[in-house]
1. For the stretch 33-101, what mean projected area does the convex hull of the alpha carbons give, in nm²?
2. In the full protein assembly as shown, how much of residue 280 is accessible to a 1.4 Å probe, in Å² to the nearest 10?
3. In sequence order, what are the phi-derived ³J(HN,Hα) couplings for the stretch 191-203 according to the Karplus relation 6.51 cos²θ - 1.76 cosθ + 1.60 with θ = phi - 60°, rounded to whole Hz, with x for glycine and proline?
4. Taking GluC sites (Glu not before Pro) as exposed when DSSP calls them loop (any state but H, G, I, E, B) and at most 15 other Cβ atoms lie within 10 Å, what is the longest stretch of the chain free of them, the sites themselves excluded?
5. Could you give the alpha-carbon Rg of the chain over 2.2 N^0.38 Å, rounded to two decimals?
6. I need the per residue convex hull volume for the stretch 102-176, using only the alpha carbons, in cubic angstrom as a whole number.
7. If pairing requires two Cys Cβ atoms under 4.7 Å apart, which cysteines of the chain are left without a partner?
8. Can you give the direction-averaged projected area of the convex hull of the alpha-carbon atoms in the stretch 1-78, in nm²?
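The values are calculated or read from the model by the stated rules, or taken from the named source; none is laboratory data. All values derive from a computational prediction rather than experimental measurement. Cβ placement follows ideal geometry from the backbone for every residue including glycine, while neighbour counts extend to all protein chains displayed. For the accessible areas, the whole protein counts, side chains as well, though only heavy atoms, and no ligand, DNA or RNA atoms are used. Shrake-Rupley method; radii C 1.70, N 1.55, O 1.52, S 1.80 Å.
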Amino acid sequence: MKKTGISICYCSYNRRRHIVSSLLNTLDIVSKEKEGMDVEVIVVDNNSSDNTYEELEKISGGFNLFFEPTPGLSHARNKCIREAEYNYVAFIDDDAYLHCGWLKALIELINKDKPKVIGGRILPRFEGEKPIWLSEKYYELYSILDMGREVFPFPKRKGPVGANMVLDTSFLGDNIYFNTALGRVGSSLLSGEEVEYIRRYKEKGAELIYCGKMTVDHVIPSSRLDKNWIKNRYYFGGYSDVLSQPGYFKKIAINCLSILSFFRSIINYEKLNVECEYYRIKGTLKSLLGIKA
């Protein structure tokens, strides 16, 4: 049984530069804002090849460092859950930076309402110049989530994003681990693990809460400001959507919805959107047929 408190968790893979500066920023915020709540910081190195673990070892105190040899974000997140001392597990991307007030807002929300699932505000920090063609339509692909600074239940069909997400793992009983068949492994863009995980909360009646005062900046590398990256992201998104569904008929439904979206994109013609929806269909069909991504 986990104790009541907050475990802030980072899963890192080959982002040595960002995880070190992000961690130091978080440790500073924790030291200033943790009043009234037990808080720990955990970093899991997911078998990086860029000396991430060695660089983190040089930082003295204030956090717990672990190593997860099995590649994959879901494996790293499960390591965080196993090692976490407290029931509220906050997942922060290794290239995300907490704003001042993030922890204070979370503690106030937990003390007041004891929510089971919380998603924070995620603002982009572009490393390169933002392309003119990059509209808000594609922001979700970059884990951007901005619905203001208030606190309210997520609208239907929306939910937290893993770059800034807090979960009361005690609510799920023994079913607290991520599905390791889903989620990114190395450079693969496979996803769906968050959707499947949060579905368990919704099935048990948990309300998903958005907290705009829990804000982070999320780095968008210049390598991702590319149309081919977006199309690839649509492909793996479609593949993951089918893979994350619990039943065959739901998998077929996802495939049908992707085809419908494709035809809608043709009617409202915009070249990149049509190409993206085509890639999504390729992903859903391959996943439905059991063909490796």
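1. Approximately 5.4 nm², given one-decimal rounding.
2. 60 Å²
3. 9, x, 5, 5, 4, 5, 5, 5, 4, 5, 5, 5, 5
4. Between the exposed loop sites, the longest stretch runs 208-269.
5. Normalised Cα radius of gyration, the chain: 0.99.
6. Taking the convex hull of the Cα positions in the stretch 102-176, it is 131 Å³ per residue.
7. Flagged as lacking a Cys partner: 11, 100, 211, 256, 276.
8. 5.5 nm²
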